[in-house]
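**Q** Can you keep this structure in mind? I'll have questions shortly.
Every number in this text was worked out from the coordinates using simple rules, so none of it is lab data. Since the structure is predicted, the reported quantities are computational estimates derived from the model, not experimental observations. Methodologically, a virtual Cβ is constructed for each residue, glycine included, from the backbone with ideal geometry; neighbour enumeration extends over all protein chains shown.
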Amino acid sequence: MHRQFHLRSITLAILFLLSAWDLPGCSCTSRSSGPTCAILDGIDTVFLGRAVARVPLFEGDRHSRFYVFEVIETFLGNPIAKSLVLVDPDISGCGASFDRDAVYLVRAQRGKDPWQEVYGHLAPQVSQSLVNSTASNAIYITSQCSGNARVDTAELEIGQLRRWRGTAPGPYLYGLVGLQRKPWQFRYPNPQAIAGAKILLHTGNGAREAISGPDGSFEIHDIPPGDYRVSAEKALFRDIGEPGIVTIPKIGCGYFDPILSADSYIEGLLLHHDGTPARGIPVEAQRRTALAKPEWDSDWTAKTNADGHFRIGPLSDGPHILISNGQRPPMPSQPYPRSFYPGVASESHASLVSVRPTEHRRGLVWILPPPSAVRQVHFRVVWPNGEPVNRAEIRTFVHHRPDDSVETDKRGRAAIDLLADVAYDIEAWVFDSEGNAFPRQFREAWGVSAAFHLPPAKSGSRHTIVLNTPEGISEGGWQ
């Protein structure tokens, strides 16, 4: 017990002492997460290194963030052959870790004080492995916001750094033009590249231009330091990023990563089974990868207009299946079960619709199945002893999505309209906040539930639900 308290005290002391090094903040802004050339004036060293050891600060420390790197190649600064790197602790949400024997591109700042001076007063608790880990008394500090990356994911940046180290160019603009499949997709450092895009850097005397290469990268050199408006354009693509204001620093590069989206779409007509336009029906596309795993995005949805027409896009290239009523359950007000193009009820029978980059697929005709009849289902909810449950909530789900709910009366009874051709999952719940007197076996529970599956049926039915699954029950009180 005393040893645990002592180790905890040491750990707290470490966190306090780290503040003396002025660790970098962790906002992870575009500037801190861009390529190294864009932040050369804010870091002290960049190198390729192999993580050969993680060393404890003191004996018994299993959570140390000290790493010894075998330096393989240096791009900035002068780290020794075996450099000691401290990962900024999680106090700012910036924790990171390195895998043993893996090679990383490391970007770090040098601590302003030798580590022996900072930790010397902790002796003899400081571990001998830390003392013997490196011949230098310098320590470098990094975090997940520093943009460290495994070597196999940093080819573009390593190549750029080697060119920068060999030529030492003046201030310039550097960037990558990427194809964005999804608005939330994390792109840096190796997005899917778009070649042939025109980049315009606007100055007081006009505009400087560049064309992105096969890897999506571009450079514009001999730019005086300052702030510039930068844009990108390519026929049949649209820029979905925000207007860019790029700062060209005195040392290194300004970074611009425009996000282009291919203007591909699928256009068609959705009809009822009798040939009349299907108005206000939600439709969507799901992209199918080589592994047949669906990809879905909120941009790949639409709703039919008054004439039954729809357009879904911009889409990624590749095969898609089209779904109606895919994200919301069918209801009596719109009694159309989920269906797939060209008008089938099963996904396995759906037709794939493929689009090439920038392709506009038109003329698809899609037929909805006949509307489902409405059935009224009656429920009675009781306790295991047969007593009715007042104000029990009956919830219906379709494809695991909430559909509707109803509450029982004092007799434990309720009725709800459901569709005849749709299967439902039913849940019944009652909570202690509703003023019900729970049976003795449920006194320690905050709620009791029951669930069952209701298959399609052409007519109404009656069901008794027995509440028998307590939630939150435990011996001696709350869990």
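**Q** Sequence gap at least 6, Cα distance under 8 Å: using those rules, report the relative contact order of region 389-444 to the nearest whole percent.
**A** On the way: 76 pairs, mean separation 21.8, N = 56.
Taking the mean separation of contacting Cα pairs over the length of region 389-444, I get 39 percent.
**Q** Using a 10 Å cut-off on Cβ atoms, rank the peptides 388-396, 203-211 from the highest mean neighbour count down. Show your work: numbers first, answer last.
**A** On the way: 388-396: 20.0, 203-211: 12.0.
Packing proxy ranking, top to bottom: 388-396, 203-211.
**Q** If we count every other residue with Cβ under 10 angstrom of LEU260's Cβ, Lys/Arg +1 and Asp/Glu -1, where does the sum land?
**A** Numbers: positive: LYS234, ARG238; negative: GLU233, ASP239, ASP263.
My count for the surroundings of LEU260 gives -1.
**Q** Rounded, prolate or oblate, given the Cα gyration tensor of region 389-457, with a/c below 1.5 counting as rounded?
**A** Details: a/c = 2.74, a/b = 1.98, b/c = 1.38.
Prolate.
**Q** Quick one: Cα centre-to-centre distance for region 448-473 and region 271-319, in angstrom?
**A** The two parts, judged by their Cα centres, are 34 Å apart.
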